[in-house]
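Quick notes on the structure that follows.
The values are calculated or read from the model by the stated rules, or taken from the named source; none is laboratory data. In this text the structure is predicted, and so the values were computed from the model without any measurement. FYI the Cβ positions are ideal-geometry reconstructions off the backbone, even for glycines, and counts take in every protein chain you see.
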Amino acid sequence: MENLEAKFAGLLHWERRKRREQTLLAVSCYAAALAIILSPFDIYLPNPWLRWLAPVALFFSLAPWFLHRARWRLGDSARALVKLDKTLGLEERAVTAWELSTRKETQGAALLVLHQAEERLRSLEPRAVSPRRWNWPAYAALPLLALWFMLLWFDFDRGDEQARYGGPPTLAHRLREYSRELQEKAKNEGLRETLNLSRELEKTAQKNIEAKSADESVKKELAGAAGKFAAAAQSSAEKSSFSNGASEQSLKDLKAEIEATRDLLQLPEPAQANQETGQRWMERLAAMPQLKRQFENSEGGGQGLGQKELKSFLDKLEQQVTGELDRRSLIDAQQYLEQLMKQGQGAKGENYARSGAPGEQDPSAEGAREKNPNSLPGKEPGKQDQDSGSLSELRPGASTQVKGLLGEGESSALDFKGKPTAGKSAVPQAEITASYRRQAEQELNSERVPDALKETIRNYFLSLGEVKSK
Amino acid sequence: MQSVEEIEQRIVNARRTFDGLRAEMARMIVGHEELIEQVFIALVCGGHCLLEGVPGLGKTLMVRSLGETLSLSFSRIQFTPDLMPADITGTNMLTDDPSGRKIFEFQRGPLFAHIVLADEINRATPKTQSALLEAMQEQSVTVGGKMHRLENPFMVLATQNPIEMEGTYPLPEAQVDRFFFKLLLQFPSRAELARIADLTTAAPPSALREVLDAPGILQMRQWVREVPLADVVKDYAVRLVLSTHPQLKQANGSGGLAQRFVMYGSSPRGLQSLILAAKGRALLAGRPNVSFDDIRSLLLPSLRHRLILNLEADAEGVNAEKILSEVAEQVPEVE
């Protein structure tokens, strides 16, 4: 009798264990499936690494409910014993004996049932009689977990990590952003060397992003890239005829003036005026201070130049200007890369924290360049802007314009009222005229100005300089 | 307190007795093995059987043979429309006592036998049919204010013809419910028919051997009630019975035919019959406990006459057997 009860206890213990295993496997399966389904919401986790704990968290959340739902009941014991009867062909002797033993009935035919059950179950091995049978959740759990792991491993759930997470961008990401900006600038300004090297730089950054390289290894590659930029800048410097004293703004002005002059050269000239071309150019050049300075520095002061010679001169000059801008852009990039290399993790986090919420600003625009705005593309390397940093106290004659780039998002403005100070303007008229002319050229190149009026407008702005010179 | 060996021996004896009975009956009756087993189960359970079959299938012969092999007294009552209750129960007759005084003496009717064959019971009037009620339920008859005990064991085997309905009186539900089993006699197969021809047209077989007597049957009746029944098996029987009730469909999970064609399901007597019969079957099978198979195999004879079908069932030609078969398929052994 005791032996029979022990057999029943062993069998029921085994069945309970199987039930628990199956339940937990089912929970694993559901947890993995839920983790996959919920992976797009990983971005709302406070820390990105928490997403690796998602299945575990789901498992522990679901398991109590599943275990409660699949708890072992008295009917389950009866069911298990009926199943045993069916398996062994005992014609319900086992379940009857189990009930009789729990009721402690040991009289009459009950005794015979217990006796027969004990005899037939003497060699009962629960694991052999009722082996584990895996259902579909058991088969699906591992593949689902593997799928979830692969999705996370290949960052399927994250897309652009920087844009979606509040965490600091990696060095490779920042490098890629910078290289793209540099490419954009180089394309706009026709900086060939800068364009080539920035493309290489982007490839390097992309490679490191895909390989998930650590910042330290990226820094090593940055050193090589900075060297390339330095070498290219050195090579350009040897060919350049401009002094370092020329500002980048003046170079850009010069380039704009060259463009304007080219347009003038394409205008039809009266036949009788051919002989007076040199004189006329000199008059018009009065409105183009940068170009005029170059003419004056050239051999013969640009006197007696025909149209072809003038074109040739402008081509050469433009090439030199572009080369100089290219060189400065290369130096700018080199310095930025060197600063990136020097930066530590703490600085990165600090910089990124200041960048605000994701999406409001491009985080890659921050970082080293924020520390040194002169390293931004287009800024003259090594030269500090006076208006950078905190706003200085307003004083008569000082500029009341806050410099900066207008980007997307909210903006604010400050209006200052003050008495005008008598005296001479600090900005020379020639610069203002040149500035207007550049703006006019830009507008003329756009579609907003009808073609028929372009020439009239151009002549008007050119006439401004002529009037002054007269 | 009996030992395991003694209990085992008595179960073996019951099995042997039944095997002997079956062998003896087979000498006289061709086929109908299952029917004979069910009649014997009803006998050891103290129940009565309603046999339904066309004439000439051996109903009377089977009952007579059963009486011979069991060494029990046997009487046959041919029910006719003019049969009166007193004709079957007996009546008080005016007679002279030894001193010459006129006295009423009870003359026992044909009910006073161990096995009573009520042939074509549906031909008698309801009044006469009702006379069987007390005999079947109480195992006694009351005549002239005096109760007379019937033989023990007492068993009524009633027959009815399902095709000749002209001039018949269908049994009232209350009386039908008192039959432990309703058994259907099927027409014999080709081989069985040939064997019947051989058996009945040759020299009659020798007299049947007695395999069991009245005290033996009473002893077996006691054993039957001692057969253990697991709760899970009992619950199965309960759910089967509940499944025949259309109004309890939600509770027992059955549907389909029972829901559509049954007007009233089985009475609690149906459950009693089913479980007791299952115990009897287990005993005759030499098994000390009831199995699901016992319950399932006796579902039809125990419940088929206890279902009251609606007119739609008649129109659709659906009978109780079809409904019960579906119930047996639908109800799971363990819930």
Exercise. Is there a residue being crowded, with 16+ Cβ neighbours inside 10 Å, within 14 Å of another protein chain (Cβ to nearest Cβ) and over 30 Å from B:M25 (Cβ atoms) anywhere in segment B:239-251?
Worked result: yes
Seminar exercise, completed: Those residues of segment A:58-84 which are within 13 Å of chain B (Cβ to nearest Cβ) and in a helix (DSSP H, G or I) amount to A:L74, A:G75, A:D76, A:S77, A:A78, A:R79, A:A80, A:L81, A:V82, A:K83, A:L84
Exercise. With respect to B:I36, is the statement that it is assigned to a helix (DSSP H, G or I), under 22 Å from B:L199 (Cα atoms), more than 14 Å from chain A (Cβ to nearest Cβ) and β-branched (V, I, T) true?
Worked result: yes
Problem set entry | Cβ pairs under 9 Å, 6+ apart, first in segment A:433-446 and basic (K, R), second surrounded by 14 or more Cβ atoms within 10 Å (Cβ to Cβ) and not in a helix (DSSP H, G or I) | A:R437/A:A287; A:R437/A:M288
Problem set entry | Residues satisfying the stated conditions in segment B:72-90, i.e. surrounded by fewer than 16 Cβ atoms within 10 Å (Cβ to Cβ) and at pLDDT 90 or above | B:Q78, B:T80, B:P81, B:D82, B:M84, B:A86
Exercise. Any idea which of (1) more than 22 Å from A:D155 (Cα to Cα); (2) modelled with pLDDT under 85 is the one A:L201 doesn't satisfy?
Worked result: (2)
For this session: Check off (1) without any contact (Cβ under 8 Å) to a residue 60 or more places away in the chain; (2) in a helix (DSSP H, G or I); (3) away from chain A (no Cβ under 14 Å); (4) not small (G, A, S) for B:Q9 and give me the number that stays unchecked.
Result: (3)
Exercise. If we only count helices (runs of 4 or more DSSP H) wholly inside segment B:281-335, which ones have 2 or more residues that are within 14 Å of another protein chain (Cβ to nearest Cβ)?
Worked result: B:292-297
For this session: Kindly list, by first and then second residue, each pair from a residue in segment A:85-108 that is at the interface with chain B (Cβ under 8 Å from one of its Cβ atoms) and under 14 Å from B:N289 (Cα atoms) to a residue that is in a loop (DSSP other than H, G, I, E, B) and hydroxyl-bearing (S, T, Y), limited to pairs with Cβ atoms under 6 Å and residues at least 6 apart or on different chains.
Result: A:E91/B:S291; A:E92/B:S291
Problem set entry | Flag if B:A277 is at pLDDT below 90, more than 14 Å from chain A (Cβ to nearest Cβ) and touching a helix residue (DSSP H, G or I) at 6+ places or on another chain (Cβ under 8 Å) | no
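Which of the residues that make up segment A:212-235 are hydrophobic (A, V, I, L, M, F, W, C) and under 25 Å from A:R327 (Cβ atoms)?
First pass over segment A:212-235, keeping only residues hydrophobic (A, V, I, L, M, F, W, C): A:214, A:218, A:222-223, A:225-226, A:229-233.
Result: A:L222, A:A223, A:A225, A:A226, A:F229, A:A230, A:A231, A:A232, A:A233.
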Exercise. Of a type in the set (S, T, Y) and either surrounded by 18 or more Cβ atoms within 10 Å (Cβ to Cβ) or closer than 27 Å to B:E52 by Cα (or both): does that describe B:T201?
Worked result: yes
Problem set entry | Matching residues, segment B:120-135, being out of contact with any Phe, Trp or Tyr (no Cβ under 6 Å at 6 or more places or on another chain) and of a type in the set (D, E) | B:E134
Problem set entry | Search result, residues across segment B:80-110 that are touching a residue at least 40 places away in the same chain (Cβ under 8 Å) and either assigned to a loop (DSSP other than H, G, I, E, B) or touching a Lys or Arg at 6+ places or on another chain (Cβ under 8 Å) (or both) | B:T80, B:P81, B:L83, B:M84, B:P85, B:G90, B:F106
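Okay, residues lined up against (1) away from every other protein chain (no Cβ under 14 Å); (2) in a loop (DSSP other than H, G, I, E, B):
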| site | (1), (2) |
| --- | --- |
| A:E118 | no, no |
| A:A128 | yes, no |
| A:R132 | yes, yes |
| A:A138 | yes, no |
| A:L144 | yes, no |
| A:L147 | yes, no |
| A:M150 | yes, no |
For this session: Residue by residue through segment A:194-211, note down the ones that are under 18 Å from A:V321 (Cα atoms) and in contact with a Phe, Trp or Tyr (Cβ under 9 Å, 6 or more places away or on another chain).
Result: A:T194
Problem set entry | Scan of segment B:190-216 for residues that are hydrophobic (A, V, I, L, M, F, W, C), assigned to a loop (DSSP other than H, G, I, E, B) and free of Cβ contacts under 8 Å to residues at least 40 places away in the same chain, ordered by number | B:A202, B:A203
